[in-house]
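Heads up, the thing below is written out as structure tokens.
The values are calculated or read from the model by the stated rules, or taken from the named source; none is laboratory data. Small disclaimer: the values here were computed from a predicted structure and weren't measured. Virtual Cβ from ideal backbone geometry, glycine too; neighbours counted across all protein chains shown. Heads up: the accessible areas ignore ligands, DNA and RNA and are worked out on the full protein's heavy atoms, side chains in. Shrake-Rupley method; radii C 1.70, N 1.55, O 1.52, S 1.80 Å.
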Amino acid sequence: MSDFKIKEAPVEDEQAQPILTHEKSLSQKIAHGSEAGDILDQQMVMLGIQLVTQLNVLLKTSRIYERTNAALDRPVEAMLTLIKTMAHDQPITLRLQNDFLFLGNSHLKVNAQQMAVATSIIDVLNTWKIGGMTFSLAVESKDLREFAALFVSLDPGNKTLDDLQREIKVRGIAGIDIEEQRQLQVRKGPGTALNREPDNTKSVNPNVQWKTEAKKGYAGMAGSIGALTQSAREGGTVSFKQAKRAIQNIIDRMVDDEAAVLGLTTLRCHDQYTHNHSVNVSLLSMALANRAGYPKAELADLGLAALFHDLGKSTIPMEVLNKPGEFTDDDWIAMRNHPTEGILILSKTRGITNLPGRMAAAAFEHHMNLDFSGYPKLTVPWTLSLTGRILTIADCYDAMTSSRVYRREPMSPSKVLNMMFSKSGKAFDATLLKLFVNCVGIIPIGSLVMLETSELAVVLKPSADKANAERPFVRVITDPQGNAVDHGREVDLTEKDETGDFRHNIIRLIDNTEYKFDTSRYFV
Ligand SMILES: [Fe+2]
Ligand SMILES: [Fe+2]
């Protein structure tokens, strides 16, 4: 990191900070999700906040001074440096969603001191109904000056965003693009499209029946894990009967339609994190094991083992499990003990000679990682079981994509897969990880994507064509303006037109966490 340098901040605004820049972009050399990638993301967020700060200074200064005035030199120069640094590989977009600022897909979290600046920019963007501001390398000093002058000279009371966009073109301002806000959230409310289940079923459809049954299976599993955790907490007996029945129900369905069962795992937004998580891990593990060639009879055992992999968490006090803030060292010790506690509870309830190896492995090994970088740490040689390897993948994937208390924010499914791939062969078994991607897809089930037409769509199942794995099967859920649509059409992105070109293309992966958007409604 020798090529970092500190520049003096402009003095016009006490909120402005020193600008940290690096000469060359690192983003193409570093895998996202790797540790170095995380550092890069953090730097981008930091630079993003500086960009917001400088934009605020520029707009404020432009209200007082003419565009060529020297008072504008510093914010303009600062913004140019930031843009050249950040937009090295591709244009960067400052986005406003639900009154939160994002740089690309990263939330720009501001501290108390930066709050005033962020709020000021959020207000400006809201007044104009601007959802995104994109800067590219084409931008020059004159463009920023002209843009700021134009921006403060127009009155949002009698001009629209279209007028502003037109003026940007007319005045030949290069390297700055503005897009409108998308209305996805605004339209939520009783009786509106987003709150109704999509009804693609003109009349009675076996699909509806199927979904209802699958949902029952899911609820059955969640119910039994709830009862079991409760009874483990109270030291009572544990019966696996209900869970076994529910799992068998799910397996029968999985053989028919794996993607639809995995769609159930998008039910992430519930308070009952641990229960949903356990069921999801069970479903994902069974799907992965199925792909790995497990006999059907053994799938149920694996599903049951996976369902109880976190049973050891019942020894952790509820206050710790539900803690919104950071964990203390003691909290972490309690958390890291749950695999060992899990084995103890299971052997107590099943009897030490009657505890299936798979169940023990699921509880004990699921945080160890293939390279033993996780926990518990052992002082004896150990071979990770196939169950343990499967569980590690399913558990990590679901935990990272779920919103839960002790992780600050959930990640989008595709980001999580990227992160996991950066640890393929290390934390995760490389072959199993590839099979796992076949289950959930390169762009995983439940992901939100933007099509070329500007319509948003949700991924329903992976592409059937391995050669075009990045072209899943999707359902369109909004029109090009972002308004939710009922009965959105299903689109096979591998479909070609007469000339042999693909009919539809994804132009952008949307972070559904960015939209605080729950895609599960399209599955269950
Ligand atoms: Fe766990
Ligand atoms: Fe877990």
Among the residues of segment 284-297, how many are free of Cβ contacts under 8 Å to residues at least 60 places away in the same chain and buried (at least 24 other Cβ atoms within 10 Å of the Cβ)?
1
Only listed residue being assigned to a helix (DSSP H, G or I) and either open to solvent by 20 Å² or more (accessible area, probe 1.4 Å) or more than 16 Å from ligand 1 (Cβ to nearest atom) (or both), chosen from Leu391, Leu432, Leu378, Leu460:
Leu432
Considering only segment 268-300, state which residues are more than 17 Å from Ala399 (Cβ to Cβ), modelled with pLDDT under 85 and basic (Lys, Arg).
Lys296
When segment 52-109 is examined, which residues are found to be of a type in the set (Val, Ile, Thr) and touching a residue at least 40 places away in the same chain (Cβ under 8 Å)?
Val52, Thr53, Val57, Thr61, Thr68, Val76, Thr81, Ile83, Thr85, Ile92, Thr93
Restricting attention to segment 305-317, does a residue exist that is in contact with a Phe, Trp or Tyr (Cβ under 8 Å, 6 or more places away or on another chain) and within 16 Å of ligand 2 (Cβ to nearest atom)?
no
For segment 367-396, give me each residue that is over 21 Å from Asp301 (Cα atoms) and of a type in the set (Ser, Thr, Tyr).
Ser373, Tyr375, Thr379
Write out, first by first residue and then by second, each pair whose Cβ atoms fall under 7 Å of each other, whose residues are 6+ apart or on separate chains, and whose first residue, in segment 329-342, is more than 14 Å from Ala360 (Cα to Cα) while the second is assigned to a loop (DSSP other than H, G, I, E, B) and among the aliphatic types (A, V, I, L, M).
Ala334/Ile316; Met335/Ile316
Which residue is nearest to Gly175 (Cα to Cα), if the candidates are limited to segment 126-151 and must be modelled with pLDDT under 90 and in a helix (DSSP H, G or I)?
Phe151
List, please: which pairs have Cβ atoms under 8 Å, are six or more places apart or on different chains, and start with a residue in segment 468-485 that is under 23 Å from Gly441 (Cβ atoms) and end with one that is in a strand (DSSP E or B) and small (Gly, Ala, Ser)?
Val474/Ala457; Arg475/Ala457; Val476/Ala457; Ile477/Ala457; Ile477/Ala484; Thr478/Ala484
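So in segment 158-167, with the set limited to residues that are open to solvent by less than 70 Å² (accessible area, probe 1.4 Å) and closer than 15 Å to Asn126 by Cβ, which one is nearest to the chain's Cα centre (by Cα)?
If we filter segment 158-167 for residues that are open to solvent by less than 70 Å² (accessible area, probe 1.4 Å), which is where we start, we get 161, 163-165, 167.
So of that shortlist, the ones also closer than 15 Å to Asn126 by Cβ come out as 161, 164.
Details: Leu161: 30, Leu164: 33 Å.
Of everything passing the filter in segment 158-167, Leu161 is nearest to the chain's Cα centre (by Cα).
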